[in-house]
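Q: Shown below is the structure under consideration.
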Amino acid sequence: MSFSRLQRRIDQLKNPTVVGLDPDLAHIPASILDKHMSEHGEGLEAAALAVYEWGVGLIDALCDIVPALKPQSAFYEALGPHGVLTLKKTCDYARSKGMYVIIDAKRGDIGSTAAAYASAYLGRITVGNSTFAPFDGDALTVNAYLGSDGVLPFLSDAKQYDKAIFALVKTSNPSAGELQDKVAQGSGEKVYTLVGDLLAEISKDSLDDMGFSRIGAVVGATYPEESAFLRARLPNTFFLVPGYGAQGGSAADVAVAFNPEGKGAIVNSSRGIIAAWKKSGGGYADAARDAAIAMRDELRGVV
């Protein structure tokens, strides 16, 4: 089952972290981009080739210490068709290296459109007599704030193809409370609490052999009190925890997202790892590895 696969990889590496792969061109060493522009000109194709080389270098440097990769689709889409193909190639390469791939696309829609998104990122597409897995992610981030109509198509494909989803519940951004912290009329509960409860209810029949449902929750490290509250309320929900490091979340802040056995959560770092070379002055891959090891060791001290 999908989250038990992730947890076993975390246990194997003794490292509950995921690296957010955000291929902003500013994070890529100029030497890589210049090489591809010299061969293909200043265009989106050269940029996409540079992004792929950079991503492969990071995966090679991290795959034996970091259990999961979270490519952010927006940065790939920004490079047009070349970028979208690079996202697919990067996901395939990461999976070939044993990494659990969480595609961070935050899709949210209903009906046939949601089903199409689910087929693209988690499921299958049939063309004639042949069937294809377009992106074949292990998990996908989803916007749950449309209600169950916006989640159930993704859950359906997750069940069918042994995948999972991480739905937005209590996000790490500063303005999250403008809506998520509002008290819902008639319930006395905050909106994010109701969203978490809804996700737990609609996925309660999908528990794996470790007791995790196929719908995980995105719960930000920047709100540790709320994270601790949700952890107690949602014992069968796997947490994806953004906000560590560059956004201000500390190791102590993320510790509350784990269950009493120290399981059931994975902590994301993006810029702190992929752009570590800017501070260290060394090679980007070696700098990323050093930063990932430091993060791992810091989390081991609290989890």
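The values are calculated or read from the model by the stated rules, or taken from the named source; none is laboratory data. The model shown is predicted, which means the values in this text are computed figures rather than measured ones. As a convention, Cβ positions derive from the backbone with ideal geometry for all residues, glycine included, and neighbour counts pool all protein chains shown. Ligands, DNA and RNA are excluded from the accessible area calculation, which covers all protein heavy atoms including side chains. Shrake-Rupley method; radii C 1.70, N 1.55, O 1.52, S 1.80 Å.
Q: Within the set of pairs 6 or more residues apart or between chains, which connect a residue that is farther than 18 Å from ILE215 by Cα and modelled with pLDDT of 95 or more inside region 110-133 to a residue that is part of a helix (DSSP H, G or I) and of a type in the set (Ser, Thr, Tyr) with Cβ atoms less than 6 Å apart?
A: ILE125/SER119
Q: Which condition from (1) in contact with a Leu (Cβ under 9 Å, 6 or more places away or on another chain); (2) surrounded by 20 or more Cβ atoms within 10 Å (Cβ to Cβ) is the one that TYR223 breaks?
A: Condition not satisfied by TYR223: (1).
Q: Of the residues ALA217, ALA288, ALA228, ALA294, which is in a helix (DSSP H, G or I) and closer than 17 Å to LYS70 by Cβ? Give the steps one after another, and end with the answer.
A: Working: ALA217 fails: in a helix (DSSP H, G or I); ALA228 fails: closer than 17 Å to LYS70 by Cβ; ALA294 fails: closer than 17 Å to LYS70 by Cβ.
Just a single option satisfies the conditions, and that option is ALA288.
Q: How many residues, within region 183-192, are within 18 Å of ALA217 (Cβ to Cβ) and either in a helix (DSSP H, G or I) or open to solvent by 60 Å² or more (accessible area, probe 1.4 Å) (or both)? Even if it seems obvious, please write down each step before you answer.
A: Narrowing region 183-192 to residues within 18 Å of ALA217 (Cβ to Cβ): 184, 189-192.
So of that shortlist, the ones also either in a helix (DSSP H, G or I) or open to solvent by 60 Å² or more (accessible area, probe 1.4 Å) (or both) come out as 190-192.
Matching residues across region 183-192 total 3.
Q: Take ASP104 and tell me if it is surrounded by fewer than 24 Cβ atoms within 10 Å (Cβ to Cβ) and acidic (Asp, Glu). Steps first, please.
A: Details: surrounded by fewer than 24 Cβ atoms within 10 Å (Cβ to Cβ): no; acidic (Asp, Glu): yes.
Taking the combined requirement at face value, the residue does not satisfy it.
Q: Shifting gears a bit: Assuming GLU261 fulfils every condition listed in (1) closer than 30 Å to ALA26 by Cα; (2) open to solvent by 20 Å² or more (accessible area, probe 1.4 Å); (3) of a type in the set (D, E, K, R) apart from one, which condition is it?
A: (1)
Q: Considering each of LEU69, LEU85, LEU44, LEU49 in turn, give the residue that is over 21 Å from ALA257 (Cα atoms) and either of a type in the set (Asp, Glu) or in contact with a Leu (Cβ under 8 Å, 6 or more places away or on another chain) (or both). Give the derivation first.
A: Values: LEU69 fails: over 21 Å from ALA257 (Cα atoms); LEU85 fails: either of a type in the set (Asp, Glu) or in contact with a Leu (Cβ under 8 Å, 6 or more places away or on another chain) (or both); LEU49 fails: either of a type in the set (Asp, Glu) or in contact with a Leu (Cβ under 8 Å, 6 or more places away or on another chain) (or both).
When all the criteria are applied, what remains is LEU44.
Q: Which residue is nearest to GLY20 (Cα to Cα), if the candidates are limited to region 212-250 and must be at pLDDT 95 or above and aromatic (Phe, Trp, Tyr)?
A: PHE239
Q: So, one more: Return the residues of region 93-108 that are over 17 Å from LEU199 (Cβ atoms) and either at pLDDT below 95 or assigned to a strand (DSSP E or B) (or both); say none if nothing qualifies. Please lay out each step first, then the result.
A: First, the residues of region 93-108 that are over 17 Å from LEU199 (Cβ atoms): 93-101, 103-105.
The answer is TYR100, VAL101, ILE103, ASP104, ALA105.
Q: Name the pairs whose Cβ atoms lie under 7 Å apart, with the first residue in region 292-303 and over 20 Å from CYS63 (Cβ atoms), the second exposed (fewer than 14 other Cβ atoms within 10 Å of the Cβ) and not acidic (Asp, Glu), and 6 or more positions between them or separate chains?
A: That search, which allows pairs on different chains as well, returns VAL302/ALA252.
Q: ALA288 is checked against (1) open to solvent by less than 50 Å² (accessible area, probe 1.4 Å); (2) of a type outside the set (Val, Ile, Thr); (3) at pLDDT below 95 and fails just one. What number does that condition carry?
A: (3)
Q: May I ask you to list the residues in region 28-44 that are among the aliphatic types (A, V, I, L, M), open to solvent by 50 Å² or more (accessible area, probe 1.4 Å) and either free of Cβ contacts under 8 Å to residues at least 24 places away in the same chain or not in a helix (DSSP H, G or I) (or both)?
A: ALA30, MET37
Q: Among the β-branched types (Val, Ile, Thr) and in contact with a Gly (Cβ under 9 Å, 6 or more places away or on another chain): which single residue out of VAL219, VAL191 fits that description?
A: On the way: VAL191 fails: in contact with a Gly (Cβ under 9 Å, 6 or more places away or on another chain).
Only one candidate qualifies: VAL219.
Q: Mind counting the residues in region 162-205 that are hydroxyl-bearing (Ser, Thr, Tyr) and either within 18 Å of the chain's Cα centre (by Cα) or modelled with pLDDT under 95 (or both)? Spell out the reasoning first.
A: Start the filter on region 162-205 by keeping residues that are hydroxyl-bearing (Ser, Thr, Tyr), which leaves 171-172, 175, 187, 192-193, 203.
Now restrict to residues that are either within 18 Å of the chain's Cα centre (by Cα) or modelled with pLDDT under 95 (or both): 171-172, 175, 187.
So the answer is 4.
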